[in-house]
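Let me begin by presenting the structure, written as structure tokens, before commenting on it.
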Amino acid sequence: MVKIAPSILTCDFSDLTGEVKKMEKEKVDMLHLDIMDGHFVPNLSFGPMVVKSLRPKTNLFFDVHLMIENADEFLLPFSQAGADLITVHIESCKDLGNTINKIKSLGKGVGVCLNPDTPIEKIIKFLPELDLVMLMSVFPGFGGQKFICSVLKKIEKLKAIIEKEKLNLDIEVDGGINIKTAAQAVSSGASILVVGSALYQAEDLGETIKYLKNLSY
Ligand code: DX5
Ligand code: ZN
């Protein structure tokens, strides 16, 4: 089954607990937390304090997506705040191998994210160390953008490598996912879908989540 990771980036932040509970009720697989620093991406979101205050409110797995320049400095704070898995951007890490090891030594799951214009060749040697590769299907920074279709070829290519090497990791796709693009992403090989605005705009949240979960490869 496809795993659904709602991004709370476009939710009503004045009622964060209520928004998270709404997702929890629909049996989503994890919560996708988008961390932006105004440098690596041209937008600001929230930091470890918000993650820490959400932690006691839900048992959902926290999938933390760091869109920040100095990720190494924030691994410990996000880990202590309650992250279950931390994803860093390959474009912002000076020594990716070292960053991956640091996340592992904190006892957290580890993901690496690639922007739409970063080729998957760059991640290949790190694949055996990872729990997931996140492929951006928009340029990070804002929710509600249009899905960039060229990511589909990258998903297919990555899926083929994972199968050939008999590796066990997820392909997570982030940005512009809706009913239509979700189907394309899953049939290309995605196993986790980050979904933001499409869920908040859905007429029936429960039905939309059910539909997305039942898509198949
Ligand atoms: C983009 C974020 C995404 C995004 C998802 O920078 O990483 O998680 O907000 O939202 P939608 O689904 O609206 O593109
Ligand atoms: Zn994200």
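The values are calculated or read from the model by the stated rules, or taken from the named source; none is laboratory data. The structure presented is a predicted model; accordingly, all values stated were derived computationally and were not measured. In this analysis, Cβ positions are derived from the backbone assuming ideal geometry, glycine residues included, and neighbour counts consider all displayed protein chains. All accessible areas refer to the heavy atoms of the entire protein, side chains included, with ligands and DNA or RNA removed. Shrake-Rupley method; radii C 1.70, N 1.55, O 1.52, S 1.80 Å.
Things worth noting here:
- Output for the range 28-42, where each listed residue is more than 19 Å from ALA83 (Cα to Cα) and either of a type in the set (A, V, I, L, M, F, W, C) or out of contact with any Leu (no Cβ under 9 Å at 6 or more places or on another chain) (or both): HIS39, PHE40, VAL41, PRO42
- Condition check for GLY111: in contact (Cβ under 8 Å) with a residue 60 or more places away in the chain and among the small types (Gly, Ala, Ser): yes
- Residues located in the range 125-139, provided they are away from ligand 1 (no atom under 16 Å from the Cβ) and either surrounded by 14 or more Cβ atoms within 10 Å (Cβ to Cβ) or small (Gly, Ala, Ser) (or both): PHE126, LEU127, GLU129, LEU130, ASP131
- Just one of the listed residues (GLY206, GLY175) is under 25 Å from LYS25 (Cα atoms), away from ligand 2 (no atom under 14 Å from the Cβ) and small (Gly, Ala, Ser), and it is GLY206.
- Of the residues in the range 55-70, at least one is among the polar types (S, T, N, Q), open to solvent by less than 30 Å² (accessible area, probe 1.4 Å), at pLDDT 95 or above and farther than 20 Å from MET136 by Cβ.
- Considering the conditions (1) within 15 Å of ligand 1 (Cβ to nearest atom); (2) under 22 Å from ILE4 (Cα atoms); (3) out of contact with any strand residue (DSSP E or B) (no Cβ under 9 Å at 6 or more places or on another chain), ILE35 is excluded by exactly one of them, (3).
- The set of residues in the range 190-214 that are in a loop (DSSP other than H, G, I, E, B), surrounded by fewer than 18 Cβ atoms within 10 Å (Cβ to Cβ) and touching a residue at least 12 places away in the same chain (Cβ under 8 Å) contains only ASN214.
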